[in-house]
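S.K.: Pasting a structure below so you can have a look.
The values are calculated or read from the model by the stated rules, or taken from the named source; none is laboratory data. Bear in mind that the values here come from a model prediction, so they are computed numbers and not experimental data. All Cβ positions, even for glycine, are placed from backbone atoms using ideal geometry, and neighbour counts span all protein chains on display. These accessible areas exclude ligands, DNA and RNA; they are computed on the full protein's heavy atoms, side chains included. Shrake-Rupley method; radii C 1.70, N 1.55, O 1.52, S 1.80 Å.
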Amino acid sequence: MFKRYVLLVFLSFQVISSDKPLRVATGNYPPFTGNQLIDDGFVNHIIRLAMATQRIQVEFVYLPWKRSFQSAKLGQFEMASYWVCEPQYQQDFYCSDHVYQGTLKLYFRKETPLPKWQTIRDLQPYRIGAILGYEYVPEFHQAIVQDDLDVIMVSNDQLSLNMLLNERVDLVVLSEIAMQTLLKQHFSQQQASKIQVHPKPFLEYQAHILFPKVREGSTATKDSFNRGLKKLKNSGELQKQWQRMLDGEFSAKKNMQAEKEHKR
């Protein structure tokens, strides 16, 4: 029994101690994740820092969100960044400790305000822009499947916001930080002034990294990440990186370079 235990520990150590970087399936969701962002965005940079405390290197592979999730589920990647730890996901993944807590809200055009709403059913009169592969409340997904809501699914938030400005949809669902980043990087001040947010949260969530159960060593990889994440939290480094995000320091690389050129 003791020999078997030692062997399991040794094999787990081999999995996470290889010089070969662990591959992380992810997608584009500025400023949290993105292949055009400084340091790959806030969440992916936290993964890099947390694993570095455990002397483990990572590399990020950017895919459409739905494909990213499915590929990780099949064990083609060691980690998936990043998701809500839904009960149905826990059948196929181990979930990390939460990286941050966030909120999704509903955005609308200023000239067509959204009245007070309480349930998903209250949104039936509106056409809603949403993103294929994104996390939403189960009631929202169920309403889409049952055709109780008029929802247009697109591939990214910029397209969704364009549809809102062009009056093709009445509402879009997005986090406040992501919306601020999107407006700053891709839209004019005049366009931004046309958008308002409803104060009621659409979804409050915790962000996690997922580790596929189909892969041997995923438990050890998860534990390594959690140890590193705890170090970042205790040292204040996580809060420091969060402030970097709020200050716009995970902006797209080309935008950051343009700002530097402007200041010269």
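S.K.: Evaluate E = 1/(1 + (r/R0)^6) for GLN76 and VAL145, where r is the Cβ-Cβ distance and R0 equals 30 Å; express this FRET efficiency to the nearest 0.05.
M.R.: With R0 = 30 Å, the Cβ-Cβ based efficiency is 0.65.
S.K.: Can you tell me how the stretch 102-162 classifies by the Cα gyration tensor, rounded, prolate or oblate, using a/c under 1.5 as the rounded cut?
M.R.: Here the stretch 102-162 falls in the rounded category.
S.K.: Return the long-range amide H neighbours of TYR29 (sequence gap of 5 or more, or a different chain), with a cut-off of under 5 Å between placed amide H atoms.
M.R.: GLY34
S.K.: Something else: Assign one of three labels to the stretch 147-194, namely rounded, prolate or oblate, based on the Cα gyration tensor with a ≥ b ≥ c the square roots of its eigenvalues; rounded applies when a/c is under 1.5, prolate when it is not and a/b is larger than b/c, and oblate otherwise.
M.R.: prolate
S.K.: On to the next question. Given a 1.4 angstrom probe, I'd like the percentage of the accessible area of the chain that is carbon and sulfur, rounded to a whole number.
M.R.: Looking at the chain in its full context, I get 50 percent from C and S.
S.K.: What value does the stretch 43-158 have for Rg/Rh, both radii from Cα atoms and Rh as Kirkwood defines it?
M.R.: 1.03
S.K.: May I pose another question? For the stretch 61-111, taking Cα atoms only, what is the radius of gyration to one decimal and the Dmax to the nearest whole Å?
M.R.: When restricted to the Cα atoms of the stretch 61-111, Rg and Dmax are 14.4, 48 Å.
S.K.: Continuing with this model, one more query. Please give the direction-averaged projected area of the C-alpha convex hull for the chain, in square nanometres with one decimal.
M.R.: Projected over every direction and averaged, the Cα hull of the chain covers 16.5 nm².
S.K.: To the nearest 10 square angstrom, how much accessible area does ILE152 have with a 1.4 angstrom probe?
M.R.: Here the residue's solvent-accessible area equals roughly 40 Å².
S.K.: Among MET79, MET153, MET51, determine the one that fluctuates most according to a GNM of the chain built with springs between C-alpha atoms less than 10 Å apart.
M.R.: Looking only at MET79, MET153, MET51, the biggest GNM fluctuation is shown by MET153.
S.K.: Here is a further query. Using modelled backbone amide H atoms (1.01 Å from N, in-plane), which distant-in-sequence or interchain residues come within less than 5 Å of LYS105's amide H?
M.R.: LEU174, SER175, GLU176, PHE202
S.K.: Simple spin-label model, 7 Å along Cα-to-Cβ: VAL214 to LYS110 in nm?
M.R.: 5.0 nm
S.K.: Can you give the convex hull volume of the alpha carbon atoms of the stretch 136-264 per residue, in Å³?
M.R.: Output value, Cα hull per residue: 187 Å³.
S.K.: Report HIS98's accessible area, 1.4 Å probe, all protein chains in place, as a number in Å² to the nearest 10.
M.R.: Spelled out: HIS98, probe radius 1.4 Å, area about 60 Å².
S.K.: For the stretch 218-228, what does the Karplus curve 6.51 cos²θ - 1.76 cosθ + 1.60, with θ = phi - 60°, yield as ³J(HN,Hα) per residue in whole Hz, taken in order and with x for Gly and Pro?
M.R.: Listing the rounded values in order: 5, 4, 5, 5, 4, 4, 5, 4, 4, 5, x Hz.
S.K.: Further question: Counting only heavy atoms of protein chains, what accessible area per residue, in Å², does the stretch 143-194 have with a probe of 1.4 Å?
M.R.: 53 Å²
S.K.: Compute, for ASP122, the solvent-accessible surface of its heavy atoms (probe 1.4 Å) with the complete set of protein chains present, and express it in square angstrom to the nearest 10.
M.R.: 70 Å²
S.K.: A further question on this structure: Tally Lys and Arg at +1 and Asp and Glu at -1 over the other residues with C-beta under 13 Å from the C-beta of GLU111: what net charge comes out?
M.R.: Net local charge, GLU111 excluded: +1.
S.K.: Which net charge results when you count Lys and Arg as +1 and Asp and Glu as -1 among the other residues whose beta-carbon is under 15 Å from that of SER96?
M.R.: Here the count lands on +3.
S.K.: How much mean residue ellipticity at 222 nm does the chain get from its helices, if each DSSP H run of length 4 or more adds -39500 (n - 2.57) and you divide by all residues, to the nearest 500 deg cm²/dmol?
M.R.: -12000 deg cm²/dmol
S.K.: Going by average Cβ density within 10 Å per residue, which order do the peptides 41-50, 56-65 take, highest to lowest?
M.R.: Final packing ranking: 41-50, 56-65.
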